[in-house]
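The block underneath contains the structure these notes are about, expressed in structure tokens.
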Ligand SMILES: CC(C)(COP(=O)(O)OP(=O)(O)OC[C@H]1O[C@@H](n2cnc3c(N)ncnc32)[C@H](O)[C@@H]1OP(=O)(O)O)[C@@H](O)C(=O)NCCC(=O)NCCS
């Protein structure tokens with residue numbers, strides 16, 4: 001039985017409301033905050049911290065084996081996203097109120113609070129996406145690149161496409177709040193009694 005929600009005997013894990021396949025690596029279990037929705041088929045391994053109100057959607061993999069991964073509060077990692085790191089050289093630090101679109105790959109990099117990584121984008125080792133920046137769908141942010149606050153980068157390799165529009169900044173915040181609520185609704189369904197059982 002690997003579901004931490006069903007293993008209150010395992011120290012170091014906040015068992016309330018978690019789901020998914022939560023595995024230790026090297027004796028370290030993920031630390032999961034309050035009101036975090038983790039989809040039943042998401043996988044979270046090892047030295048991973050997830051802050052309150054974040055959501056980890058279907059088929060996400062967060063693999064904290066060779067280094068650490070920190071995820072802040074109210075950040076959403078949409079379906080199929082992969083988060084990993086590089087041994088000894090590049091942990092992954094994902095801040096708060098961030099949207100990470102479906103199928104993104106976040107590898108050994110830093111995402112600062114309130115940025116957005118588009119669907120299918122890839123952010124590589126040592127790269128930094130600053131607050132209020134957008135990585136377009138399908139973009140590849142090369143190792144060590146910095147996407148400055150307020151810029152939208154697109155393409156492979158990603159380059160500045162334009163400045164972020166004011167309405168897009170509003171959208172980033174609105175979408176983080178939307179996903180927070182969506183996660184809450186999934187948690188509520190999980191806790192609700194199932195008729196007939
Ligand atoms: C980049 C994006 C913001 C659109 O920006 P935009 O400035 O409105 O772009 P437009 O649709 O007006 O297109 C402008 C040009 O950029 C190109 N373009 C649009 N999206 C692009 C992308 N993701 N990558 C590369 N080029 C893109 C268009 O083809 C167009 O090129 P052209 O001038 O040669 O015809 C949008 O395509 C995107 O990637 N959004 C991310 C959505 C997402 O993943 N959300 C997360 C889940 S909620």
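Just so it is clear, none of the values below were taken in a lab; they were calculated from the coordinates. Quick caveat, the model's predicted, so the values are computed rather than measured. Note that each Cβ is placed from the backbone with ideal geometry, even for glycine, and that neighbours are counted across all protein chains shown.
Here the Kirkwood formula puts the hydrodynamic radius of the chain at 16.6 Å, using every distinct Cα pair. For 85, 77, 169, the sequence from fewest to most other C-beta atoms within 10 Å is 169, 85, 77. Build a GNM of the chain with springs between Cα atoms under 10 Å apart, and of 54, 185, 142 the one that fluctuates most is 185.
Using a/c under 1.5 as the rounded threshold, could you call region 71-111 rounded, prolate or oblate? The axes a ≥ b ≥ c are square roots of the C-alpha gyration tensor eigenvalues, and prolate needs a/b larger than b/c, oblate otherwise. Oblate is the answer for region 71-111, as a/c is 1.5 or above yet b/c matches or exceeds a/b. Quick check for you: which residues of region 87-119 have the amide N under 20 Å from the point 7 Å beyond the Cα of residue 169 toward its beta carbon? Only 95-100, 111-118 fall inside the zone, counting backbone N under 20 Å. When the Cα gyration tensor is reduced to axis lengths a ≥ b ≥ c, the ratio a/c is 1.5 or higher for region 80-192, and with a/b not above b/c it is classed as oblate. Between 126, 26, 72, which gets the highest mean-square fluctuation from a Gaussian network model of the chain, Cα cutoff 10 Å? Comparing 126, 26, 72 in a Gaussian network model of the chain, the most mobile one is 26.
By how many degrees, between 0 and 90 and to the nearest 10, does the Cα long axis of helix 166-191 differ from the longest principal axis of the chain? Once rounded, the angle reads 10 degrees.
Each peptide in 156-166, 60-70 was scored by the mean count of other Cβ atoms within 10 Å over its residues; highest first, the order is 60-70, 156-166. Normalised by the number of residues in the chain, the mean separation of alpha-carbon contacts (under 8 Å, six or more apart) gives a relative contact order of 12 percent.
Between residue 68 and residue 28, the contour length at 0.36 nm per residue exceeds the alpha carbon distance by 13.4 nm.
Let me have the 222 nm mean residue ellipticity of the chain computed from DSSP H runs of 4+ only, each contributing -39500 (n - 2.57), with the sum over all residues rounded to the nearest 500. Walk me through the numbers before you get to the answer.
Details: 1 runs with 26 residues, N = 197.
Estimated from H runs of four or more residues: -4500 deg cm²/dmol.
Semi-axes of the equivalent ellipsoid of region 17-69 are 17, 12, 9 Å, computed as sqrt(5λ) over the eigenvalues of the C-alpha gyration tensor in descending order.
Take the Cβ atoms of residue 137 and residue 87, set R0 to 35 Å, and the FRET efficiency comes out at 0.75.
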